[in-house]
1. Is it true that some residue in region 17-33 is loosely packed, with under 10 Cβ neighbours inside 10 Å and over 16 Å from the mean Cα position of the chain (by Cα)?
2. Are any residues in region 1-17 in contact (Cβ under 8 Å) with a residue 12 or more places away in the chain and in contact with an Asp or Glu (Cβ under 8 Å, 6 or more places away or on another chain), and if so, which ones?
3. State all residues of region 19-36 that are within 16 Å of A55 (Cβ to Cβ) and in a helix (DSSP H, G or I); if no residue qualifies, say none.
4. Of the residues that sit in region 18-73 and are among the β-branched types (V, I, T) and in contact (Cβ under 8 Å) with a residue 12 or more places away in the chain, which one is nearest to L2 (Cα to Cα)?
Amino acid sequence: ALAKTEKELGRALEILEWVAASALPSGVLAEQMNPETGEPASVSPLTWSHSTFVATVMNYLHKEALILDRRKN
């Protein structure tokens, strides 16, 4: 992650929130979304979609903690 400030993390958070909001009612993440309708455009569920999302959230939280720690010091 290249962000060095909370503000720079803002765009990443917007994307993470969009992904979470785009999940199917069951919580499943589609591999692809139709850009016009927002409907799943491929096979669901695929575990790589979920694992990539979880890894990205973990990276985001780690980076956020580093930024907040730097701000305290």
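1. yes
2. Going through region 1-17, the residues in contact (Cβ under 8 Å) with a residue 12 or more places away in the chain turn out to be 1, 3-6, 9, 12-13, 16.
Residues satisfying the conditions are E6, L9.
3. Hits for region 19-36 are V19, A20.
4. The selected residue is I67.
A quick yes/no check of all residues on (1) among the acidic types (D, E); (2) part of a helix (DSSP H, G or I); (3) modelled with pLDDT of 90 or more:
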position	(1), (2), (3)
K4	no, no, no
G10	no, yes, yes
E17	yes, yes, yes
G38	no, no, no
S42	no, no, no
A55	no, yes, yes
N59	no, yes, yes
A65	no, yes, yes
R70	no, yes, no
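Rundown of residues vs (1) farther than 14 Å from W18 by Cα; (2) surrounded by 13 or more Cβ atoms within 10 Å (Cβ to Cβ); (3) in contact with a Lys or Arg (Cβ under 6 Å, 6 or more places away or on another chain); (4) not aromatic (F, W, Y), yes/no style:
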site	(1), (2), (3), (4)
P35	no, no, no, yes
A41	yes, yes, no, yes
T52	yes, yes, no, yes
N59	yes, no, no, yes
A65	yes, no, no, yes
L68	yes, no, no, yes
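The values are calculated or read from the model by the stated rules, or taken from the named source; none is laboratory data. Not measured: the values here are computed from a predicted model. Glycine also receives a Cβ, built like all others from the backbone with ideal geometry; neighbour counts cover every protein chain displayed.
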